[in-house]
1. Using +1 on the beta carbon of Lys and Arg, -1 on that of Asp and Glu, and nothing else charged, what's the dipole of the chain about the Cα centre, debye to 20?
2. Output the Kirkwood hydrodynamic radius of the range 315-409, Cα pairs only, in Å rounded to one decimal.
3. Mind pulling the angle between the C-alpha long axis of helix 255-269 and the longest principal axis of the chain? Nearest 10 degrees, somewhere in 0 to 90.
4. Taking 0.36 nm per residue of sequence separation and subtracting the Cα-Cα distance, how much length would be gained by fully extending the chain between R268 and K306, in nm to one decimal?
5. With +1 on each Lys and Arg Cβ and -1 on each Asp and Glu Cβ, and nothing else charged, work out how big the dipole of the range 94-293 is about its Cα centre, in Debye to the nearest 20.
6. Give or take rounding to whole Å, what are the principal axis extents of the alpha carbon atoms in the range 94-293, in descending order?
7. List the residues, sorted by chain then number, that are 5 or more residues from V290 or on another chain and whose placed amide H is less than 5 Å from its amide H.
8. How long are the semi-axes of the equivalent ellipsoid of the chain, defined as square roots of 5 times the Cα gyration tensor eigenvalues? Whole Å, largest first.
Amino acid sequence: MKISRREAMTGLAALGLCGGPALGQGTALRPGSAEDVIAAAQLGGEVSYVVVDARSGLVLEQRGADRGMPPASTAKTITSLYALETLGPDYRFRTRLIATGPIAGGKIQGDLVLAGGGDPTLETDALAEMAARLAAAGVRGVTGRFLVWGGAIPSAEQIADDQPVQVGYNPGISGLILNYNRVYFEWKRAAGGYALTMDARGARNVPRVYSADVGLSSRAAPLFTYARQGGKEHWTVASGSLGKAGSRWLPVRDPVAYAGDVFQTLARAQGVPLPPPKSVSTLPGGTVLVEQVSDPLPVILRAMMKHSTNVTAEAVGMTTSVARGAPAGRGASGAAMSEWLHARLGGGRARFVDHSGLGADTRISAMEMVRAVTLLGPKAGLRGLMKPFALRDAGGKVQQGQALRVDAKTGTLNFVSTLTGYMTAPDGSELAFAIFTGDVARRARAGASEQPQGGRAWISRSKVLQSALLERWGALYGG
């Protein structure tokens, strides 16, 4: 695609790369075709997008690109940029076992502290390895207490307030995160009823969980209820909803108690009996006996982008705000990221209520998203963190042998579907884009439902629309 110097400078100004306006007007739509594609999707609500030449910054096509829309999980794109600039690509999270006194006669003369460092990828098997290393260091018990600290980042019982109570993608947050703060619930029909279990399973270790329990209820609805009482998490499930057998991950609302519970079991299996875990708000000083170190930040972010893990985004974003000396509590940390983005883009109206995009009140325009992807993404290696996007045909099926290389982040909420990233056309043309679709009114009417009526079909039509727009741009601007 050949672009004149004048066109390139116009595009650079539109993206804020030279002394032009903060947000550009772009070029007009080709008559009919893009609007026909949008009309055929029959989504209702709003559809906005912008596509730019990634090298020059030229705005090639846009529709409502200045309109603030819910980004859903494409917000993780901004979180990744926020974290990489502040923490750096070499950053690793650390989970530690700290002794407040010396080891004598096989026992810590004082307390043992399990101290979280905000690692969102800590799993049961890694915690089991820490217990084994503690035993290998000669520890056989403590004279004092077993303390658990999760204060590396502020805690919250859930990420968003408008989600169904049972969804595992909306767990609690703290500086000690285990199994993405989820507990495994399994049921099997047995004589006289059901056998129900809750565990913190890993690939090699399946410790029973004592900090949470679940019971049956003969009601028809709701599917699940939840309560915290007596230092324990209590679930009930509607018995009529259970088949012969099944399982699912439920969210953990008290992550510190959960991690302490599981570690106590794992340590006991290594011959290190510990007293009941006790949560503390202040980290005691002492000697680090065992340290579990996470993968480097880009590895964590790549997995987050691929699997869209919300608690990872929140932990990474809050850790970044702490490192910047900014407010890091739920909501406040999202606002801190908003201010950071405004500073980097030279203005804007983006407003984040979290780092994962789960909160439906977050708003960012397609233009602001593309400016971030284009201006900040290359230095951060953002494209390498995104996953390949498979184009869909008119029937919603994945196309075979697509000619366009698309690396992108998807986002999905009820009646919200978003996509942002990069595209390479067959001739080598590089484009960056953001596509936001959302029927906010219909989402509000659906309420806190896992599968609202018509929701899946709506999302499917949106994905077909996204693919059609990408193919259109590849044909128009990549030839």
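1. 500
2. 15.2
3. Helix 255-269 sits roughly 50 degrees off the main axis of the chain.
4. 10.1 nm
5. Details: 20 positive and 15 negative charges, 113 e Å.
In total the dipole reaches around 540 debye.
6. 57, 37, 29
7. The answer is L97.
8. Working: eigenvalues 397, 148, 64 Å².
Output for the chain: semi-axes of 45, 27, 18 Å.
Read-outs throughout are calculated quantities, based only on the coordinates presented, and are distinct from any laboratory measurement. Remember, predicted model here, so these are calculated numbers, not experimental data. Every residue, glycine as well, gets a Cβ built from its backbone with ideal geometry; the counts of neighbours run over all protein chains shown.
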